[in-house]
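> Handing you this structure, nothing more for now.
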């Protein structure tokens, strides 16, 4: 893909006060060596790999150290210009200078303490397909309860921000703004005055819900390395190959999870959020998946919609409860996909729109096929974990290894005459078996 119209802008002008114990205030934070390379160099190399070779680095405190190391970028196969903040201009004030230098260009905006390994082709395609003025990279994390969360609708539009300071007496999606953006030239051109400007508060928030701001959700490696502890974690994860392995350019491995009887306790047809209760070991199991390099994706039949017991929004709210409960215990799901259909008719309250044959209802493989395509998943290295013979048959049909649990139905549904590759007492035992703990 040709990305020549894009310029990558790295915001590296802050003082980095949280990192003084490592920088000793002798170098800017983004120049800290991470396994032999400055943090900024890791960023430049990942972006340049996708054909984006023009960079602007916004510098401030100790910025001469960055200029001395990178120069004009020639030694790194790129071209680098610099914007120097004489005084702090906030997270977006210095973008004013882009209008003076570039015409008809779009921008990747990257904060200098965010470490990542991304397939930029995917994010740029998303940005262009949505004709977005700004695209925000978002992902789930292990502490949504103390994070600002993006509110993203079914069409990928960002409609608002759920502040971490809100009193959350409701369930919510685990969708965190990661600090990486694609900004159109039109968006940046609205910055027509040189002043201190906050990107989120002053520029993005007023446009949310207007059809101009979109959220690109990815499970790839994107982490804030702006504190000593987080920086050391990034060092360890890079050395272990985690960064590269999670890039969607590379084949992913996934543990697909049934919902009822696997992640949550079996409680008949769950159509009200108060009926939903996590299995005792579910959060611990999914935390292990998160740390293992496998994706954790729930695939579930939810005929409650076809039966007329509830609507699509109700199922999604139940899933917000699942996500919130998991997040409270430091676990997250990379995606959730459900089938609302059921082919059999005859219930008085049924919804005829969903009483149809489909390709997504397990044991058909439509849900899994969609996730394989979306996340570049290697079926041969992936698993289906569930409590019914239907889950086992689904895994077999999809070309996955299978694990049958003793929770929930414990295989007593007897709908299919199949044998799982493995059996396990519960979801935690299954995950330990898969990842070799």
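> Working only within region 45-68, note down all residues that are within 20 Å of residue 19 (Cβ to Cβ) and in contact with a helix residue (DSSP H, G or I) (Cβ under 7 Å, 6 or more places away or on another chain).
57, 58, 59, 65, 66
> Please indicate, with yes or no, whether at least one residue in region 73-93 is assigned by TED's automatic domain parsing to the domain that holds residue 241, touching a strand residue (DSSP E or B) at 6+ places or on another chain (Cβ under 8 Å) and under 24 Å from residue 233 (Cβ atoms).
Yes, region 73-93 contains a residue that is assigned by TED's automatic domain parsing to the domain that holds residue 241, touching a strand residue (DSSP E or B) at 6+ places or on another chain (Cβ under 8 Å) and under 24 Å from residue 233 (Cβ atoms).
> Only one of 178, 154 is without any contact (Cβ under 8 Å) to a residue 40 or more places away in the chain and within 16 Å of the chain's Cα centre (by Cα). Can you tell me which? Walk me through it before giving the result.
On the way: 178 fails: without any contact (Cβ under 8 Å) to a residue 40 or more places away in the chain.
Step by step, each of 178, 154 is checked, and only 154 is without any contact (Cβ under 8 Å) to a residue 40 or more places away in the chain and within 16 Å of the chain's Cα centre (by Cα).
> Are any residues in region 187-211 in contact with a strand residue (DSSP E or B) (Cβ under 7 Å, 6 or more places away or on another chain) and in a loop (DSSP other than H, G, I, E, B), and if so, which ones?
If the condition is that a residue be in contact with a strand residue (DSSP E or B) (Cβ under 7 Å, 6 or more places away or on another chain) and in a loop (DSSP other than H, G, I, E, B), then 208, 209, 211 are the ones that fit.
> Scan (1) more than 18 Å from the chain's Cα centre (by Cα); (2) in a helix (DSSP H, G or I) for the single condition residue 289 breaks and write down its number.
That leaves (1) as the condition not met.
> Just checking, how many residues over region 172-186 are surrounded by fewer than 21 Cβ atoms within 10 Å (Cβ to Cβ) and either at positive phi or part of a loop (DSSP other than H, G, I, E, B) (or both)? Before you say what the answer is, go through the steps one by one.
Quick first cut of region 172-186, residues surrounded by fewer than 21 Cβ atoms within 10 Å (Cβ to Cβ) only: 172, 177, 184-186.
After this cut, where a residue has to be either at positive phi or part of a loop (DSSP other than H, G, I, E, B) (or both) as well, the list is 172, 184.
Of the residues in that region, 2 qualify.
> From the set of residues in region 417-437 that are surrounded by fewer than 18 Cβ atoms within 10 Å (Cβ to Cβ) and not in a helix (DSSP H, G or I), which is farthest from the chain's Cα centre (by Cα)?
This residue is 417.
> Could you list, in sequence order, all residues of region 100-119 that are under 20 Å from residue 335 (Cα atoms) and in contact with a strand residue (DSSP E or B) (Cβ under 8 Å, 6 or more places away or on another chain)? Outline the logic, then answer.
Here is the first cut: in region 100-119, the ones under 20 Å from residue 335 (Cα atoms) are 116-119.
116, 117, 118 - these are the residues of region 100-119 that are under 20 Å from residue 335 (Cα atoms) and in contact with a strand residue (DSSP E or B) (Cβ under 8 Å, 6 or more places away or on another chain).
> Do we find that residue 250 is more than 17 Å from the chain's Cα centre (by Cα) and either assigned to a loop (DSSP other than H, G, I, E, B) or surrounded by fewer than 22 Cβ atoms within 10 Å (Cβ to Cβ) (or both) in this structure? Don't jump to the end; show me each part of the working.
On the way: more than 17 Å from the chain's Cα centre (by Cα): no; either assigned to a loop (DSSP other than H, G, I, E, B) or surrounded by fewer than 22 Cβ atoms within 10 Å (Cβ to Cβ) (or both): yes.
Judged against the criteria, residue 250 is not a match.
> A further question follows. Only residues in region 52-74 that are without any contact (Cβ under 8 Å) to a residue 12 or more places away in the chain count as the first member; pair them with residues that are outside any helix (DSSP H, G or I) and buried (at least 20 other Cβ atoms within 10 Å of the Cβ), Cβ under 7 angstrom, at least 6 apart or cross-chain, and list the lot.
Matching pairs, first to second residue: 72/80.
> If you don't mind, there's one more thing I want to ask. Residue by residue through region 70-96, note down the ones that are assigned to a helix (DSSP H, G or I) and either in contact with a helix residue (DSSP H, G or I) (Cβ under 7 Å, 6 or more places away or on another chain) or surrounded by 20 or more Cβ atoms within 10 Å (Cβ to Cβ) (or both).
First, pick out the residues of region 70-96 that are assigned to a helix (DSSP H, G or I): 70, 74-76, 93-96.
Answer for region 70-96, where residues must be assigned to a helix (DSSP H, G or I) and either in contact with a helix residue (DSSP H, G or I) (Cβ under 7 Å, 6 or more places away or on another chain) or surrounded by 20 or more Cβ atoms within 10 Å (Cβ to Cβ) (or both): 70, 76, 93, 94, 95.
> Answer yes if at least one residue in region 311-333 is in a loop (DSSP other than H, G, I, E, B), modelled with pLDDT under 95 and surrounded by fewer than 20 Cβ atoms within 10 Å (Cβ to Cβ), and no otherwise.
As a first pass, look at region 311-333 and keep what is in a loop (DSSP other than H, G, I, E, B): 311, 329-333.
Those still in the list that are modelled with pLDDT under 95 too: none.
Checked region 311-333: no residue is in a loop (DSSP other than H, G, I, E, B), modelled with pLDDT under 95 and surrounded by fewer than 20 Cβ atoms within 10 Å (Cβ to Cβ).
> Taking into account only those residues within region 262-275 that are touching a helix residue (DSSP H, G or I) at 6+ places or on another chain (Cβ under 7 Å) and more than 21 Å from residue 406 (Cβ to Cβ), which is surrounded by the fewest Cβ atoms within 10 Å (Cβ to Cβ)?
273
> I'm checking my understanding of the structure. Among residues of region 6-42 that are in a loop (DSSP other than H, G, I, E, B) and surrounded by 15 or more Cβ atoms within 10 Å (Cβ to Cβ), which one is modelled with the highest pLDDT? Before the answer, list the steps.
Filtering region 6-42 down to residues in a loop (DSSP other than H, G, I, E, B) leaves 13-16, 24-28, 32, 35-36.
The next check asks that each one be surrounded by 15 or more Cβ atoms within 10 Å (Cβ to Cβ); those that pass are 13-16, 27-28, 32.
On the way: 13: 86, 14: 80, 15: 72, 16: 72, 27: 92, 28: 91, 32: 95.
Of everything passing the filter in region 6-42, 32 is modelled with the highest pLDDT.
> Could I ask something else about it? Out of everything in region 143-171 that is part of a loop (DSSP other than H, G, I, E, B) and within 21 Å of residue 290 (Cβ to Cβ), what residue ends up being modelled with the highest pLDDT? Write out each step before concluding.
Keep residues of region 143-171 that are part of a loop (DSSP other than H, G, I, E, B), which gives 143, 147-148, 153-156, 163-171.
This time we only want the ones that are within 21 Å of residue 290 (Cβ to Cβ), so: 143, 147-148, 164, 171.
Numbers: 143: 89, 147: 89, 148: 89, 164: 89, 171: 96.
That would be 171.
> Now for a separate question. Can you tell me how many residues within region 190-241 are within 18 Å of residue 130 (Cα to Cα), touching a helix residue (DSSP H, G or I) at 6+ places or on another chain (Cβ under 7 Å) and without any contact (Cβ under 8 Å) to a residue 40 or more places away in the chain?
Matching residues across region 190-241 total 0.
> Please name all residue pairs, on different chains or six or more residues apart, with Cβ atoms under 7 Å, provided the first residue is in region 308-325 and is not assigned by TED's automatic domain parsing to the domain that holds residue 272 and the second residue is buried (at least 20 other Cβ atoms within 10 Å of the Cβ).
none
> Right, another one. How about region 374-402: which of its residues are part of a loop (DSSP other than H, G, I, E, B) and either outside the structural domain of residue 259 (by TED's automatic domain parsing) or crowded, with 20+ Cβ neighbours inside 10 Å (or both)?
Residues of region 374-402 that are part of a loop (DSSP other than H, G, I, E, B), as a first pass: 376, 378, 382, 387-388, 399-400.
382, 387, 388, 400, listed by residue number.
> Select from region 113-146 the residues that are within 25 Å of residue 14 (Cβ to Cβ) and surrounded by fewer than 18 Cβ atoms within 10 Å (Cβ to Cβ) and list them in ascending order.
Of everything in region 113-146, those that are within 25 Å of residue 14 (Cβ to Cβ) and surrounded by fewer than 18 Cβ atoms within 10 Å (Cβ to Cβ) turn out to be 142, 143, 146.
> Output the qualifying pairs, or none if there are none: Cβ atoms under 6 angstrom, residues six or more apart or on different chains, first residue in region 103-115 and in the same structural domain as residue 33 (by TED's automatic domain parsing), second residue part of a loop (DSSP other than H, G, I, E, B).
Close Cβ pairs (under 6 Å, with a partner that is part of a loop (DSSP other than H, G, I, E, B)) amount to 105/5; 106/5; 106/184; 113/225; 113/226; 115/225.
The values are calculated or read from the model by the stated rules, or taken from the named source; none is laboratory data. Since we're looking at a predicted model, the values are computed, not measured. Backbone-built Cβ (ideal geometry, glycine too); neighbour counts: all protein chains shown.
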